[in-house]
Amino acid sequence: MSNPVLDAIFSRSSVRAFTDQPLTNEQIAQLANAALAAPTAMNRQPYQLIAVKDKALILELEKATVEYFAAQNPEIAQRNASRGNKVFYNAPVAFFIAIDTEGAYNKFDCGIVAQNLAIAATGMGLGSVILGMPRGAFLGDRAEELRMRLEFPEGYEFGLCVAVGYPDGQPKDPHPLNPAKLTLIG
């Protein structure tokens, strides 16, 4: 028996090359609604979801990220250079999840929002990649400017980003399941 939710979970993999084909506003709205449906501790919803489809702004954020890591972490900079200094991999939409800096569970909630987005994208026939690296753009010299341009609420910081689009080529296979990671008690 097939289950579309389980199919999406088991077939999802990170996409690191997207075509230029834009997403429709309806697709973006569906993805956003999937993210907004994520459960959060005590229903606090300590996040702000920001969908960026402005290609020039995405490229500015990419450049700021690359520059931050070039100055701060040569190992990450070298790894990123081997990928053509692509952070968003030409994705037509990048969903930024800004999180409230106060609260014990906000980072967990952010991860759930990102997972909802990634699974929804797969279920819609799209590709996605969950990104932590863009954090560098919000730590560098242009941090405050970029927070303002993305309209982060006061007291919020970068949590995660999910880049979404149509995969350019065949996505890699999902990672194999590792039964050793399961402990069953009882």
* Number of positions in region 146-186 that are within 19 Å of the chain's Cα centre (by Cα), more than 24 Å from Asp20 (Cα to Cα) and of a type in the set (D, E, K, R) -> 3
* **For Ile97: the one exception among (1) at pLDDT below 95; (2) touching a Gly at 6+ places or on another chain (Cβ under 9 Å)** => (1)
* **Test: residue in region 75-88 that is under 18 Å from Phe158 (Cβ atoms), outside any helix (DSSP H, G or I) and modelled with pLDDT of 95 or more** => yes
* Do we have Asn116 as surrounded by 11 or more Cβ atoms within 10 Å (Cβ to Cβ), assigned to a loop (DSSP other than H, G, I, E, B), among the polar types (S, T, N, Q) and out of contact with any His (no Cβ under 7 Å at 6 or more places or on another chain) here? -> no
* To do: May I ask you to list pairs of residues, at least six apart or on different chains, whose Cβ atoms are under 8 Å apart, with the first in region 27-46 being on the phi < 0 side of the Ramachandran plot and surrounded by 14 or more Cβ atoms within 10 Å (Cβ to Cβ) and the second being of a type in the set (Lys, Arg) and outside any helix (DSSP H, G or I)?
  => Ile28/Lys53
* Asked: In this structure, does Asp109 turn out to be in a helix (DSSP H, G or I) and either buried (at least 16 other Cβ atoms within 10 Å of the Cβ) or modelled with pLDDT of 95 or more (or both)?
  -> yes
* For Arg83, indicate whether it is more than 25 Å from Gly169 (Cα to Cα), basic (Lys, Arg) and surrounded by fewer than 17 Cβ atoms within 10 Å (Cβ to Cβ). => no
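Test Ala51 against the stated conditions and say whether it is at pLDDT 95 or above, over 23 Å from Gln115 (Cβ atoms) and of a type in the set (Gly, Ala, Ser).
No: the conditions fail for Ala51.
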* To do: Quickly run through region 22-64 and pick out the residues that are closer than 14 Å to Cys161 by Cα and assigned to a loop (DSSP other than H, G, I, E, B).
  => Lys53
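Can you name the residue in region 167-186 that is in contact with a strand residue (DSSP E or B) (Cβ under 8 Å, 6 or more places away or on another chain) and more than 19 Å from Glu62 (Cβ to Cβ) and, of all such residues, is modelled with the highest pLDDT? Even if it seems obvious, please write down each step before you answer.
So the first thing to find is which residues in region 167-186 are in contact with a strand residue (DSSP E or B) (Cβ under 8 Å, 6 or more places away or on another chain), and the list is 167-168, 171-172.
Remaining after also requiring more than 19 Å from Glu62 (Cβ to Cβ): 171-172.
Values: Pro171: 80, Lys172: 84.
Across region 167-186, the extreme among qualifying residues is Lys172.
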* Asked: Any residue in region 125-134 that is surrounded by 15 or more Cβ atoms within 10 Å (Cβ to Cβ), in a loop (DSSP other than H, G, I, E, B), in contact (Cβ under 8 Å) with a residue 60 or more places away in the chain and of a type outside the set (A, V, I, L, M, F, W, C)?
  -> no
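The values are calculated or read from the model by the stated rules, or taken from the named source; none is laboratory data. Keep in mind that this is a model prediction, so the values were computed, not measured. All Cβ positions, glycine included, derive from the backbone under ideal geometry; neighbour counts span all protein chains shown.
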